[in-house]
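What follows draws every value from the coordinates through simple rules; no lab data is involved. If you're wondering where the values come from, they're calculated on a predicted model, not measured in any experiment. Don't worry about glycine lacking a Cβ; one is built from the backbone with ideal geometry, like all the others, and counts go over all protein chains shown.
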Amino acid sequence: MGDAAEPAGQAVAAGAPQAALRPLRIVLLGPPNAGKGTQAATLQALLGVPSISTGDMLRREAESGTPLGQRVRGIMESGALVDDGTMADVVRERLRQADAASGFVLDGYPRTLDQAETLGCILASADRRLDAVLLVTVPEAELVRRALARGRSDDREEVIRERLRVYREKTAPLIGYYSGLGLLREVDGFRPIEEVGRQMVAALGVHA
Ligand code: AMP
C-alpha cells in the first residue's frame with residue numbers, strides 16, 4: 001500500500017532469491033506454450049515475489065478431486081476457459097494470502113477482458129495496482145511444436161488448436177486494453193530462456 005506513486009526502476013542485488021525493494025505486481029500475458037511458466041519462475045527467483053499460475057492451481061484442484069476440481073476438469077481438458085466468476089473467486093482468495101502482499105507474478109490470469117477488469121477491482125479495493133504487463137510473443141508454429149513435445153493430457157493437437165483459438169478470441173484483446181493503460185511491455189519469447197529473462201528484467205526496469 002501507498003507504494004503506487006514510486007518510480008518503476010529499482011535495483012535488485014545479485015543473488016536470488018532477493019526481495020524486491022518494493023512490491024512488484026506483474027502479469028505475464030501470452031499464448032499457451034509461450035514459456036510463461038518458466039519466465040514466471042525466473043521472475044520469482046529474481047524479485048522474490050510468488051509466481052501464481054491459475055492453470056497450476058486448477059490442475060491441483062482437479063487432481064485432488066475437490067468440488068471445484070471436479071467442475072473444471074472437463075473444461076480444462078477441452079481447451080475452453082473456466083468461467084470468469086469462478087476465476088474471480090480463485091484469484092481473489094489467492095491474492096489475499098500473506099505472500100502476495102510482497103507482490104506477485106500472475107501467469108495465466110487474466111485471460112478475458114472481464115477478468116482484467118476484475119483484477120483491477122481486486123487490487124484497487126486494497127489500494128494497489130499493477131506495475132507492468134509483460135507480453136511474451138512466440139510464432140504460432142513454434143507454440144504448436146512445443147505443445148506437442150510436452151505431451152500433457154490437454155496437449156492433443158485439436159485441443160492445442162482450440163486453446164490458441166480461444167487465446168486469439170478472448171485473451172488477445174487484453175493487449176490493447178493494457179497498452180491503453182500504459183502497462184504493456186513486449187518481450188520476444190522465441191529466444192533462449194536466459195535472454196528472455198534478461199529482456200523481462202530490462203522491461204521492468206530492475207537491475208538483477
Ligand atoms: P494454463 O496452464 O494457464 O494454460 O491453464 C490450463 C487451463 O486452465 C486452461 O486451458 C483453462 O481451461 C484453465 N484456466 C487457467 N487459467 C484460467 C483463467 N484465467 N481463466 C479461465 N480458465 C483458466
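Is it the case that region 50-58 has a residue that's part of a strand (DSSP E or B), surrounded by 15 or more Cβ atoms within 10 Å (Cβ to Cβ) and within 11 Å of the ligand (Cβ to nearest atom)?
There is at least one residue in region 50-58 that is part of a strand (DSSP E or B), surrounded by 15 or more Cβ atoms within 10 Å (Cβ to Cβ) and within 11 Å of the ligand (Cβ to nearest atom).
From (1) surrounded by 15 or more Cβ atoms within 10 Å (Cβ to Cβ); (2) away from the ligand (no atom under 15 Å from the Cβ), pick out the condition that doesn't hold for residue 84.
(2)
Residues that are among the polar types (S, T, N, Q) and within 12 Å of the ligand (Cβ to nearest atom): does region 114-121 have at least one?
Looking for residues that are among the polar types (S, T, N, Q) and within 12 Å of the ligand (Cβ to nearest atom), one finds at least one in region 114-121, hence yes.
Just checking, how many residues over region 59-79 are loosely packed, with under 15 Cβ neighbours inside 10 Å and either assigned to a loop (DSSP other than H, G, I, E, B) or within 10 Å of the ligand (Cβ to nearest atom) (or both)?
So the answer is 5.
Give me the pairs, please: first residue somewhere in region 50-61 and under 15 Å from residue 38 (Cβ atoms) and acidic (Asp, Glu), second residue anywhere and in a helix (DSSP H, G or I) and more than 6 Å from the ligand (Cβ to nearest atom), beta-carbon distance under 9 Å, and either six or more positions apart or on two chains.
Filtered contacts from region 50-61: 56/37.
Among the residues of region 152-171, write down those that are surrounded by fewer than 13 Cβ atoms within 10 Å (Cβ to Cβ) and either more than 14 Å from the ligand (Cβ to nearest atom) or in a helix (DSSP H, G or I) (or both).
Residues satisfying the conditions are 157, 158, 165, 168, 169.
Would you confirm, using the coordinates I've provided, whether residue 120 is without any contact (Cβ under 8 Å) to a residue 12 or more places away in the chain, small (Gly, Ala, Ser), closer than 20 Å to residue 176 by Cα and assigned to a helix (DSSP H, G or I)?
yes
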